[in-house]
Amino acid sequence: MKALIKNGTIITASEYIKADLLIEDGKIACIGTNIGGEADVKIDAQDKLIFPGGIDAHVHMNVPCSDGSLSAGYDTETIAAALGGTTTILDYVLQEYGKSMHESIDGAHALAESQAAIDYGFHVIVTNPDEQTIAEIEDLIDSGITSFKLFMANDLALDDQQLLKFMEELARLGGLACVHAENGAIISSLQNGHKKKKQLEPYYHFLSRPLISENEAINRAIALAKTAKCSMLVAHVSNLEGVNIITGAQAPAPIHTESCPHYLVLDDDEYRQGEFGTAKYVISPPLRSKEEKERLWVGIKNRGIDIISSDHNGFNYSTHKQLGKDDYTLIPNGGPGIEQRFTLMYHTLTERGIDLSRFVDLIATKPAKIFGLFPQKGTIAPGSDADLVIFDPAIEWTITAKEQHQASDYTSYEGLRMKGRVDKVLLRGELIVDEGKYVGEPGDGKFIARQTLKS
């Protein structure tokens, strides 16, 4: 099959090109001017921008809650991702208690294979870091699952000795440690104090996770990664000091910084509404102050932040978040954002005068490079997958839960006015979004095996 896209402006992480694109058999075959000839599909992209498909490297699908329910999964959330301009996700798959990592990954494969509307890969969230789990790492890496999530706080926390042992094995095999960096002892102490005083509203979630908790853990994670000579990504960094700690680490293996749209757009005013509605913003780390939000933008401008991921979790306010109605520590952590990430970052970066090539690097190219997907994904170049977003920069619209496609009954970005919107999306050359409507099929997505850091 051949497709020809004409008259658009192609944006990559390094350049802007006014050119045509020829696609053959799911790959970009040629980039040039005045490309002619026959094609099965022809698209006129006059006055449109053409971006590589977004890569959201941090999402959570089908997460179990304390009442036995699950957050939203591949069936709805990958369609929402496609409509929002994302063509590849990396899902954090929880190692279920009592199961091996392989068993948990097999379950995710079975769901995604039939349901995913876009391409996908997996990380594993390690919950049982014993010898059997460590012995599984090599087979998983050989299968193309090359990154593993290590928690330093919450119910999933590993101690320093466990973290170090896991990092040493990842370093040996060319894997990547993805670390949730918060100090569990600080958080537990503050939470216990709140409980004694019956301070159980969602506002106290914010107070229980101060900046020092995050930044101490970032420092400690770096010390462990340096010792193990392990490559690491610090997930969802919420503040500039944390970014600066990472960029100044001078480690023997790369240490990468991820942040999220909510830390760049929202702030701790969301916790001060005095109602349970603030449970929508119970995320970890929490939103920070207006001043800290502005400081974090320095990390965007000076390239201290490598990637922007949604940290999407498709909870509902009316059900899942109500599990902590009487105790904020029982509110499921996380919120939806897979659909909004691409356009929200385009709009916000553009408003702040940041170059569109930097936008592409943050939402597509650098995630592809860090997670072993490049150059198959994350760029527009001959031989790369024809994952493309044709974007109309002129359309103005408003984010609302009523009009979103992700399954959650709320959005953290309710009422934000956007300029620019996804018009069409191609996945490996196939049109899956046309004029803002999903036209693909569940199961269009494929598992993408990733390269190791030693490849």
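Placing dummy labels 7 Å off each Cα toward the beta-carbon, the span from ALA110 to GLN322 is 3.1 nm.
Relative contact order, percent, of region 203-285 when contacts are C-alpha pairs under 8 Å separated by at least 6 residues?
On the way: 83 pairs, mean separation 28.6, N = 83.
Relative contact order for region 203-285 comes out at 34 percent.
Could you list the residues of region 175-211 with an amide nitrogen less than 18 Å from a label point located 7 Å from the Cα of ARG272 in the Cα-to-C-beta direction? The answer is 201-211, whose backbone nitrogens lie closer than 18 Å to the label point. Taking all protein chains as shown and a probe of 1.4 angstrom, ARG303 keeps an accessible surface of around 130 Å². Near ILE432, the amide H atoms lying under 5 Å from its own belong to VAL425, LEU426, LEU427; only residues 5 or more places off or on other chains count, and H is placed 1.01 Å from N.
Stretched out straight at 0.36 nm per residue, the stretch from GLU294 to VAL41 would grow longer than its current Cα-Cα span by 86.6 nm. Rounded to the nearest 20, the size of the Cβ-charge dipole of the chain about its Cα centre is 1180 debye, with Lys and Arg at +1 and Asp and Glu at -1. Quick note on the chain: its Rg to Rh ratio, both from C-alpha atoms and Rh being the Kirkwood radius, is 0.96. Averaging the sequence gap over all C-alpha pairs within less than 8 Å and six or more residues apart, then dividing by the number of residues, gives the chain a relative contact order of 22 percent. Average accessible surface for the chain: 38 Å² per residue, computed with a 1.4 Å probe over protein heavy atoms with every protein chain in place. Within the accessible surface of the chain, defined with a 1.4 Å probe on protein heavy atoms only, the carbon and sulfur portion equals 48 percent.
So between SER189 and LYS301, what do we pick up on full extension, going 0.36 nm a residue minus the alpha carbon distance? Spell out each step's value before the answer.
Working: separation 112, 0.36 × 112 = 40.32 nm, distance 3.58 nm.
Extending this stretch completely gives an extra 36.7 nm.
Centre-to-centre separation between the Cα atoms of region 375-444 and those of region 28-69: 7 Å.
Maximal additional length on extending the LEU330-ASN219 stretch stands at 37.2 nm, based on 0.36 nm per residue less the C-alpha distance.
The values are calculated or read from the model by the stated rules, or taken from the named source; none is laboratory data. On a predicted model such as this, the values are computed, not experimentally measured, just so you know. Glycine also receives a Cβ, built like all others from the backbone with ideal geometry; neighbour counts cover every protein chain displayed. The protein model used for the area step is the full one, side chains on, heavy atoms only, and it has no ligands, DNA or RNA in it. Shrake-Rupley method; radii C 1.70, N 1.55, O 1.52, S 1.80 Å.
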